[in-house]
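**Student:** If you scroll down you'll find the structure; I have some questions about it.
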Amino acid sequence: MSTYFPSGKELAGRRKWYVVDATGQTVGHVASEVASILTGKRNPNWTPFLDTGDHVIVINARNVVLKGNKVDQKLYRHHTLYPGGLRETTARELMAKRPERILELAIKGMLPKTKLGKSMAKKLKVYADADHPHIAQRPQVYRLTHQPVSQS
């Protein structure tokens, strides 16, 4: 008996495209659902050391919800690689400039920190609004399990 492993062309040929609408959803909920699709955990032929995940398009990232005081208290940091180059940005500032970046960082933070995780992250596309250029791939709509949160 031999163990079946999906391989190169067969693996790439089976990948599906999903569209996730983030309107009214919390950042963590969207990120955890999308990360499980990207890793392939929802795929019956999931293998820990292979990238069996599907492509995901997240739309309406501008309408995602941060609960509590996270809008003002959550900080995003990066370093410019110059001395004293640590830069901090609040979630409110990032939402105004690049709203898709908040979801990208949350999703990529839930993926493995390896070469495999980088290949999974390449299958993620996040857009601030509802229009995206991936119509030719005929993506399926993926419904999130929780109901949208009211923005108050």
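The values are calculated or read from the model by the stated rules, or taken from the named source; none is laboratory data. Note that the structure is predicted; figures quoted are calculated from it, not measured. All Cβ positions, glycine included, derive from the backbone under ideal geometry; neighbour counts span all protein chains shown.
**Student:** Mind checking whether some residue in region 68-82 is crowded, with 18+ Cβ neighbours inside 10 Å, out of contact with any strand residue (DSSP E or B) (no Cβ under 8 Å at 6 or more places or on another chain) and closer than 15 Å to ALA106 by Cβ?
**Tutor:** The answer is no, given that none of the residues of region 68-82 is crowded, with 18+ Cβ neighbours inside 10 Å, out of contact with any strand residue (DSSP E or B) (no Cβ under 8 Å at 6 or more places or on another chain) and closer than 15 Å to ALA106 by Cβ.
**Student:** Does GLU100 qualify as being loosely packed, with under 10 Cβ neighbours inside 10 Å, of a type in the set (Asp, Glu) and touching a strand residue (DSSP E or B) at 6+ places or on another chain (Cβ under 7 Å)?
**Tutor:** no
**Student:** Give the number of residues within region 1-23 that are farther than 25 Å from VAL58 by Cβ and charged (D, E, K, R).
**Tutor:** Qualifying residue count, region 1-23: 2.
Okay, residues lined up against (1) free of Cβ contacts under 8 Å to residues at least 40 places away in the same chain; (2) in contact with a Pro (Cβ under 8 Å, 6 or more places away or on another chain); (3) assigned to a helix (DSSP H, G or I); (4) over 23 Å from HIS146 (Cβ atoms):
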position	(1), (2), (3), (4)
PRO48	yes, no, no, yes
ASP51	no, no, no, yes
LYS67	no, no, no, no
ARG77	yes, no, no, yes
LEU103	no, no, yes, no
ILE107	no, no, yes, no
LEU116	no, no, yes, yes
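This table checks each residue for (1) closer than 30 Å to LEU50 by Cβ; (2) of a type in the set (A, V, I, L, M); (3) out of contact with any strand residue (DSSP E or B) (no Cβ under 8 Å at 6 or more places or on another chain).
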position: GLY85; (1), (2), (3): no, no, no
position: MET110; (1), (2), (3): yes, yes, yes
position: LYS113; (1), (2), (3): yes, no, yes
position: MET120; (1), (2), (3): yes, yes, yes
position: LYS125; (1), (2), (3): yes, no, no
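**Student:** If I go through region 29-87 residue by residue, how many of them are among the small types (Gly, Ala, Ser), farther than 16 Å from LEU116 by Cβ and within 12 Å of the chain's Cα centre (by Cα)?
**Tutor:** Here the count works out to 3.
**Student:** While we're here: Which count do you get for residues in region 118-141 that are assigned to a loop (DSSP other than H, G, I, E, B) and either in contact with a helix residue (DSSP H, G or I) (Cβ under 7 Å, 6 or more places away or on another chain) or farther than 21 Å from LEU66 by Cα (or both)?
**Tutor:** Taking region 118-141 and keeping what is assigned to a loop (DSSP other than H, G, I, E, B), we get 122-123, 127-134, 138-139.
Adding the requirement that they be either in contact with a helix residue (DSSP H, G or I) (Cβ under 7 Å, 6 or more places away or on another chain) or farther than 21 Å from LEU66 by Cα (or both) leaves 122-123, 127-129, 131-134, 138-139.
Of the residues in that region, 11 qualify.
**Student:** Return yes or no: is VAL19 part of a strand (DSSP E or B) and touching a Leu at 6+ places or on another chain (Cβ under 7 Å)?
**Tutor:** No.
**Student:** Right, something else. What residue, of VAL19, VAL34, VAL58, is under 25 Å from GLN137 (Cα atoms), modelled with pLDDT of 95 or more, β-branched (Val, Ile, Thr) and touching a His at 6+ places or on another chain (Cβ under 8 Å)?
**Tutor:** Unique residue meeting the criteria: VAL19.
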